[in-house]
Amino acid sequence: MAKARVKLQKSDYSEEVEILSTRYILMNGVKHEVSRIKLDNPISGTVYGTLLNYKGSLEALKGKIDHPPYNEPPKGPILYIKPRNTFSSYSNPVPLPTGIPELEIGAALGIVISKTATRVKKELASDYIEGFTIANDISIPHESVFRPAIRHKARDGFCPIGPWVVSKESISNPDSLGLRVYINGELRQENSTSNLIRSIPRLIEDVTDFMTLSTGDVLLVGVPENAPLAKANDQVRIEIDEIGYLENTIISEEKLSLEGIL
C-alpha cells in the first residue's frame, strides 16, 4: 500500500494515509471512499510550471523554434508560476471564462519539495523530494511560448492539485510513470514521464542552479504535447500510475456565479 499525505477541507493540518486503491484510503485506521470525503489542495508552497519538457512538445515547434522570436531551442528549463489564485482541489469545478469555448487540459506530475534546495546535484535530487502529486495545469488555448501567457494560464481555479501527495518511497520510478487524460470517460491523451527531455533529477539540478526551491514548493515536470480540450460540463480525469487520479468538471463562470460559488 502506498503512503500519502492528504489535507481535508476546513482543517489546518495534513493527515497521513494509506492508499488502498484508486477509490479507498485508510485514514486513522478507518477506510474511506475518496469520493465521499472533502479533500483540499495538499500544497503549501509555490507551484512552478515547466514549459517544453516533453520531447514531443518541443518537436511540435520544430518548424518555428529556429526562427524569430525564438531563434534557437531553449538551453535551460523554461519556468512560469501558477499563482495561489489558480489553486483548486480534487472534485472542485473549474471555471470556464465567459466567451471562451474550450480549455486546454495540462496533465502534469508534480514534484513536492521536502527541504530548501539550492544547487542540488542530480545524484542527490531524491533527498529533496517529499513525494509526488497530480496537477491539471489548465490554460486558455494559445500558440506563443515567447512571452509569459499570464492571461491564459493564471486565471482563478486554473490549477487543480491532488488528491494527495504520495511519498517518494511508494513510487517505483518517477521517470517512468504512465499518464492518461480522460474527458467524459473517453481516453484523449496518453504519455509517460519516460519522454521527458529533462529527467526529474536533472530538472531539479538545472532549476536549483539559479533559484532556490523551498519546503512545500511544487515543480511540475511539464505537460505532454497534444493537450486535449474540454468544454463546459465536461468531466476531466487525469490518471498517473502509482499516484491515482485527479477529477474535476468544467463549469461556466455564469453558472458558478448563479450558484454562488464565484
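The values are calculated or read from the model by the stated rules, or taken from the named source; none is laboratory data. Computed from a predicted structure; not experimentally measured. We place every Cβ from the backbone using ideal geometry, glycine too, and count neighbours over all the protein chains shown. Surface areas here come from the heavy atoms of the whole protein model, side chains and all, with no ligands, DNA or RNA. Shrake-Rupley method; radii C 1.70, N 1.55, O 1.52, S 1.80 Å.
Just a few scattered comments:
- Scanning the stretch 103-156 for residues that are in contact with a His (Cβ under 9 Å, 6 or more places away or on another chain) and either open to solvent by 50 Å² or more (accessible area, probe 1.4 Å) or not charged (D, E, K, R) (or both) yields a count of 8.
- Counted as qualifying within the stretch 150-262 are the helices (runs of 4 or more DSSP H) with 1 or more residues that are at pLDDT 95 or above, namely 200-208.
- Residue list for the stretch 202-234, restricted to those being in contact with a helix residue (DSSP H, G or I) (Cβ under 6 Å, 6 or more places away or on another chain) and open to solvent by less than 40 Å² (accessible area, probe 1.4 Å): ILE204
- Qualifying position, being among the polar types (S, T, N, Q) and touching a Gly at 6+ places or on another chain (Cβ under 7 Å), among SER252, SER214: SER214
- Residue, modelled with the highest pLDDT, within the stretch 85-100, restricted to residues that are more than 17 Å from TRP164 (Cα to Cα) and of a type in the set (Ser, Thr, Tyr): THR86
- Extreme residue, surrounded by the most Cβ atoms within 10 Å (Cβ to Cβ), among residues of the stretch 2-24 that are touching a residue at least 60 places away in the same chain (Cβ under 8 Å) and over 26 Å from MET211 (Cβ atoms): ALA4
- If you go through the stretch 25-57 and keep only what is open to solvent by 60 Å² or more (accessible area, probe 1.4 Å) and either assigned to a loop (DSSP other than H, G, I, E, B) or touching a strand residue (DSSP E or B) at 6+ places or on another chain (Cβ under 8 Å) (or both), you end up with ASN28, GLY29, LYS31, LYS38, SER44, LYS55.
- Set side by side, the residues LEU109, LEU79 differ, and just one is assigned to a strand (DSSP E or B) and closer than 16 Å to ASP209 by Cβ, which is LEU79.
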